[in-house]
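See below for the structure under consideration.
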Amino acid sequence: MAKKKYLSVSDMLADNAPTEEFREEFETQVAKRRVIKHLIAMRTVKGMSQKDIADQVKCSQSRISKLEHGLDDDMRLGDLRVYAHSLGFSIGFLFSDRKITAVEEVKHHAFCIKRLMDRLAHLAGRDEKIAQAVSAFFGEAFFNLVKMLQDSANKLPPQPDDESPYVRIEIAASGPDQIAIETDCDLMAEELRELVVR
Amino acid sequence: MWTLEPTAEYEKKQKKWPKKYHRELKNMPDNLSTFHSALQMRGTPQLAAQTGYVHAEPAGVLAIDQSGPGAGLKQTRLYVYPDVDARVLYLITIGDKSSQQIDIKLSKEFASSLLERKARDKKLDENG
């Protein structure tokens, strides 16, 4: 009945788009609407209609509709601010060097994650309940981060000599608090092997 | 993490989709990716059905429309079923107004057979 599972629509279309040209057009459209799509997703999470936003912003629903059907480049900064504000969000800007490499960017985000995790750990203070919740979240985050790494590693071509993968990561979760990870990668630290998180 | 699982029917329809409705075929996965992001942000399928581009159909099926860039778009739908327990979004089929009745019937059948299969599996698990 059902087939392969995908983590994103882009991943799915990389596999089953009607044509390569269609996939490229889709990716271009998505790239040009990244901010707008994020706003719509946040509106969806809140279960708000376009009319709800329009009422808050004090404009017509058709104006919100036009904004949502447009491209990021056509959106005014003021519109972005009031839309986000009506959802209960404020906006922040991040200016980054255009010459930054993907590796540097990954490192930058990894440090951001580390900082936020430290903040969560700090939040627990001496409260056992919060500590337990944060600990459960750390387990979930660990699992998802490794899963993302596994997914990206699977997109690498196989090694030319024996067609084997460059990186092999196997995740086995026997319970919410126990995740075993088996790796097979020359570049990874030995400590990662058969790492068990409790 | 919500995953996407297209059915063979969906993939077949996507491949045979008429070229003249190319923009609609692009907008539906565009909206699907927005909906998927909302689910990843802990949005619920029920809340999404109040937002305009996602429409509630019988048996828990949702229809994602073609709204988006472009004027004079033909009304088309991408039918999905969100399995909340398994966090899987099944992509059942796509179609336009002319195939709406058949598409909804097929989607309802998909949802009920999935639920039956899950209930059967659960019973088997309980019986050891």
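The values are calculated or read from the model by the stated rules, or taken from the named source; none is laboratory data. Remember, it's a predicted structure, so these values are computed and weren't measured experimentally. Cβ placement follows ideal geometry from the backbone for every residue including glycine, while neighbour counts extend to all protein chains displayed.
Mind counting the residues in region B:106-128 that are surrounded by 12 or more Cβ atoms within 10 Å (Cβ to Cβ), among the charged types (D, E, K, R) and without any contact (Cβ under 8 Å) to a residue 12 or more places away in the chain? Working first, answer last.
Residues of region B:106-128 that are surrounded by 12 or more Cβ atoms within 10 Å (Cβ to Cβ), as a first pass: B:106-112, B:114-115, B:118.
Pick out the ones that are also among the charged types (D, E, K, R) and you get B:108-109, B:118.
Okay, now just the ones that are also without any contact (Cβ under 8 Å) to a residue 12 or more places away in the chain, so B:109.
The number of residues fulfilling the criteria is 1.
Taken across region A:4-11, residues that are in contact (Cβ under 8 Å) with a residue 60 or more places away in the chain, in a loop (DSSP other than H, G, I, E, B) and at the interface with chain B (Cβ under 7 Å from one of its Cβ atoms) do occur, with at least one present. Based on this model, can you work out whether residue A:51 counts as part of a helix (DSSP H, G or I) and either surrounded by 20 or more Cβ atoms within 10 Å (Cβ to Cβ) or facing chain B (nearest Cβ under 7 Å) (or both)? When the stated conditions are applied, residue A:51 does not pass them. Taking the listed residues A:67, A:77, the one that is away from chain B (no Cβ under 11 Å), at pLDDT 90 or above and buried (at least 20 other Cβ atoms within 10 Å of the Cβ) is A:67, with no other qualifying.
If you scan region A:13-29, which residues turn out to be more than 12 Å from residue B:15 (Cα to Cα), at the interface with chain B (Cβ under 7 Å from one of its Cβ atoms) and either buried (at least 18 other Cβ atoms within 10 Å of the Cβ) or of a type in the set (Gly, Ala, Ser) (or both)? Listed by number, the residues that qualify are A:26, A:29. With the requirement that a residue be buried (at least 18 other Cβ atoms within 10 Å of the Cβ) and either of a type in the set (Gly, Ala, Ser) or farther than 27 Å from residue A:70 by Cα (or both), what does region B:58-87 give you? Hits for region B:58-87 are B:60, B:61, B:63, B:67, B:68, B:81, B:82, B:83.
Evaluate region A:17-31: report whether one residue or more is closer than 24 Å to residue B:44 by Cα and not assigned by TED's automatic domain parsing to the domain that holds residue A:155. Yes, because at least one residue in region A:17-31 is closer than 24 Å to residue B:44 by Cα and not assigned by TED's automatic domain parsing to the domain that holds residue A:155.
Under the condition of being aliphatic (A, V, I, L, M) and farther than 22 Å from residue A:16 by Cβ, which residue from region B:11-53 is surrounded by the most Cβ atoms within 10 Å (Cβ to Cβ)?
Residues of region B:11-53 aliphatic (A, V, I, L, M): B:25, B:28, B:32, B:38-39, B:41, B:47-49.
From the residues that got through so far, the ones that are farther than 22 Å from residue A:16 by Cβ too are B:38, B:41, B:47-49.
Working: B:38: 27, B:41: 13, B:47: 16, B:48: 25, B:49: 17.
Across region B:11-53, the extreme among qualifying residues is B:38.
Taking the criterion of being among the small types (Gly, Ala, Ser), within 21 Å of residue B:5 (Cβ to Cβ) and not in a strand (DSSP E or B), no residue of region B:91-104 qualifies.
When the helices (runs of 4 or more DSSP H) confined to region A:72-180 are screened for residues that are more than 30 Å from residue B:69 (Cβ to Cβ), those reaching at least 2 such residues are found at A:102-124, A:128-153.
Within region B:2-90, which helices (runs of 4 or more DSSP H) (wholly inside it) include 2 or more residues that are facing another protein chain (nearest Cβ under 7 Å), more than 19 Å from residue A:8 (Cα to Cα) and at pLDDT below 95? Lay out the reasoning, then the answer.
Values: elements: B:8-15, B:22-40, B:45-48.
Answer list for region B:2-90: none.
Do we have residue A:34 as within 7 Å of chain B (Cβ to nearest Cβ) and at pLDDT 90 or above here? The answer is no for residue A:34. Every listed requirement among (1) at pLDDT below 90; (2) within 21 Å of the chain's Cα centre (by Cα); (3) surrounded by fewer than 11 Cβ atoms within 10 Å (Cβ to Cβ) is met by residue A:99 save one, (2).
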